[in-house]
Amino acid sequence: MRGETPDLLIRGGRVIDPASNRDEVCDVLIQDGRIEYVGSGLGLPDGAAEISAEGLVVTPGFVDPHCHLRQPGYEYKETIATGTAAAAAGGFTTVCAMANTKPPVDTRTTLETVQEVASAEAAVHVYSLAAITMGLKGKQLVQMGELSEAGAVGFSDDGITLASPAVMRHALEYAKRFDRPVANHCEDPALTGDAAMNEGPVSMRLGLAATPVQAEEVIIARDLALAELTGGSYHALHVSAARSVDLIRGAKERGVNVTAEVTPHHLTLTDEIVAGRWEPIIASLRPYDPVTRVNPPLRSAEDVRALRDGLASGVIDCIGTDHAPHAGHEKHVEYAEAAPGISGLETAFGALMQLVHDGEISLPRLIERLTSGAGVYRLPHGSLAVGAAGDVVVLDPEREWVVDAAAFRSRGKNSPYHGLTFRGRVLKTICDGRVVFDLNEESVETVGALGV
Ligand code: DOR
């Protein structure tokens with residue numbers, strides 16, 4: 001032990017580090033909060049603690065390019081402390097927080113407030129996106145240069161679609177100067193209106209106002225065209241439809257500067273769950289349960305199929321949880337009135353392991369997609385390279401557990417997975433060499449001063 005944190009030797013696990021093409025049984029040594037050595041045959045250094053990972057999987061801490069920590073302004077839904085405790089419990093050691101707080105992150109002062117709270121209270125690394133437009137109003141661009149300099153890793157009005165093509169064009173041009181991506185929430189408000197679910201046979205049966213996949217398609221098609229025009233870097237948030245995957249594949253083939261993410265819920269649930277039926281995971285929920293309300297909405301089985309294929313092939317670059325915690329009173333209302341969103345950090349890995357157990361994606365590929373969000377915002381995380389931050393997760397891909405939303409670290413208990421049995425569990429999360437989640441102790445250490 002050289003610093004204030006004990007050094008850690010994680011012994012004998014299957015170490016999967018997609019960034020360095022490693023998949024072998026070996027050890028990982030973390031010294032002074034950094035990865036010091038990955039390999040075999042090392043004795044336990046003086047003062048180091050040993051963690052046995054025999055029979056388990058050891059990977060880089062996951063990186064979430066998309067979550068809502070709600071602070072400032074909506075602390076009754078979540079705080080930076082509770083949201084990052086939830087991240088740690090879900091295996092995430094880096095999260096990117098969206099700007100739709102109150103006030104939104106559209107000035108340097110608000111950004112610095114978030115950063116100060118994060119460095120004092122966050123359990124994991126927190127990076128912030130800034131809004132694209134002042135007040136998320138879709139008109140006047142924020143001071144992108146100033147915000148980039150202050151640490152904003154990208155720009156997004158997420159939660160609200162940037163509807164104006166002219167403003168999007170200028171945003172892409174302006175952000176390009178600072179090498180920052182512009183990330184859009186892709187639902188054309190003119191088509192979506194106040195729809196509560198996906199348009200199709202299920203919405204017809206249930207009689208709920210609905211939005212077609214084309215609402216996403218038209219925004220993605222437009223944004224890709226503008227990214228091509230400007231050469232700006234564009235990130236498609238929470239892609240939910242087969243048609244969108246096709247558009248992104250085509251744009252990537254043409255060399256457009258685009259990345260895309262998909263959520264665990266869009267990969268595992270269809271709109272049938274709004275009617276109480278659950279596919280492809282078999283379970284049941286009462287019809288019209290607002291825990292299934294989310295933007296963009298859960299789609300059809302064909303869309304889920306295409307999203308899974310897109311994730312496996314790399315057309316979709318990474319998983320973003322879109323962790324969107326809400327208070328009980330915002331969800332315990334009629335379906336159409338409910339706040340959209342799913343509290344997703346703590347269930348992401350368990351839900352996605354279903355794809356591995358079904359043979360749809362390999363475990364190393366899944367780990368890659370859970371860490372490659374770092375690339376979207378050029379973050380120095382998501383690998384076990386020597387010298388990298390000591391961000392490591394110990395996983396048991398076979399461990400069964402029952403989701404209990406009431407026990408979430410997140411203040412948001414809004415999970416459609418509540419009561420389901422998952423196979424695949426995060427056992428330990430280590431961030432900067434500190435254990436920030438340990439299932440054995442069922443406690444989360446909130447570590448201050450991690451900084452970014
Ligand atoms: O369902 C959602 N909720 N989708 C979003 O894009 C925003 C999020 C929120 O902020 O609650």
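The values are calculated or read from the model by the stated rules, or taken from the named source; none is laboratory data. Quick caveat, the model's predicted, so the values are computed rather than measured. Methodologically, a virtual Cβ is constructed for each residue, glycine included, from the backbone with ideal geometry; neighbour enumeration extends over all protein chains shown.
Taking helices (runs of 4 or more DSSP H) as the structural unit, those lying wholly within segment 171-275 and holding at least 1 residues that are crowded, with 24+ Cβ neighbours inside 10 Å correspond to 214-230, 242-253, 264-268. The test for being in contact with a Phe, Trp or Tyr (Cβ under 8 Å, 6 or more places away or on another chain), more than 16 Å from Ile430 (Cα to Cα) and among the small types (Gly, Ala, Ser) holds for Ala348.
Within the option set Arg378, Arg365, being charged (D, E, K, R) and at positive phi holds for one residue only, Arg378. Filtering Gly373, Gly344 for residues that are within 15 Å of Ser415 (Cα to Cα), under 18 Å from the mean Cα position of the chain (by Cα) and small (Gly, Ala, Ser) leaves a single hit, Gly344. Figure legend. Inter-residue proximity from segment 316-329: first residues within 17 Å of His185 (Cα to Cα) and of a type in the set (Ser, Thr, Tyr), second residues part of a loop (DSSP other than H, G, I, E, B) and within 11 Å of the ligand (Cβ to nearest atom), beta-carbon distance below 8 Å, spacing 6+ or different chains. Indicated pairs: Thr321/Thr263; Thr321/Gly344.
Among the residues making up segment 390-411, those that are surrounded by fewer than 24 Cβ atoms within 10 Å (Cβ to Cβ) and more than 30 Å from His329 (Cβ to Cβ) are Asp396, Pro397, Glu398, Arg399, Glu400. Would you mind stating whether Pro18 is modelled with pLDDT of 95 or more, closer than 27 Å to Pro397 by Cβ, within 14 Å of the ligand (Cβ to nearest atom) and crowded, with 19+ Cβ neighbours inside 10 Å? No: the conditions fail for Pro18. If you go through segment 412-445 and keep only what is in contact with a helix residue (DSSP H, G or I) (Cβ under 7 Å, 6 or more places away or on another chain), crowded, with 21+ Cβ neighbours inside 10 Å and part of a loop (DSSP other than H, G, I, E, B), you end up with Asn414, Ser415, Pro416, Tyr417.
Only one entry of Ala210, Ala260, Ala241 meets the criterion of being farther than 28 Å from Val63 by Cβ and within 16 Å of the ligand (Cβ to nearest atom), and that entry is Ala210.
Residues in segment 335-360 that are in a helix (DSSP H, G or I) and β-branched (Val, Ile, Thr): Val356 alone.
Against the numbered list (1) within 26 Å of Lys428 (Cα to Cα); (2) in contact with a Gly (Cβ under 6 Å, 6 or more places away or on another chain), Leu379 comes up short only at (2). Here Gly341 qualifies as within 15 Å of the ligand (Cβ to nearest atom) and either closer than 20 Å to Ile80 by Cβ or of a type in the set (Ser, Thr, Tyr) (or both). Take the conditions of a type in the set (Ser, Thr, Tyr), within 16 Å of the ligand (Cβ to nearest atom) and in contact (Cβ under 8 Å) with a residue 24 or more places away in the chain and apply them to Tyr377. Does it pass? So Tyr377 fails the test.
The rows are residues; the columns are (1) outside any loop (DSSP other than H, G, I, E, B); (2) within 16 Å of the ligand (Cβ to nearest atom); (3) surrounded by fewer than 24 Cβ atoms within 10 Å (Cβ to Cβ).
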position: Arg305; (1), (2), (3): yes, no, yes
position: Gly310; (1), (2), (3): yes, no, yes
position: His326; (1), (2), (3): no, yes, no
position: His329; (1), (2), (3): yes, yes, yes
position: Val333; (1), (2), (3): no, yes, yes
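Pro45: outside any strand (DSSP E or B) and either in contact with a strand residue (DSSP E or B) (Cβ under 9 Å, 6 or more places away or on another chain) or small (Gly, Ala, Ser) (or both), yes or no?
yes
Using the structure shown, decide if Gly231 is away from the ligand (no atom under 16 Å from the Cβ), out of contact with any strand residue (DSSP E or B) (no Cβ under 6 Å at 6 or more places or on another chain) and free of Cβ contacts under 8 Å to residues at least 60 places away in the same chain. Yes. Count of segment 38-83 residues, restricted to those that are under 30 Å from Ala339 (Cβ atoms) and surrounded by fewer than 17 Cβ atoms within 10 Å (Cβ to Cβ), is 3.
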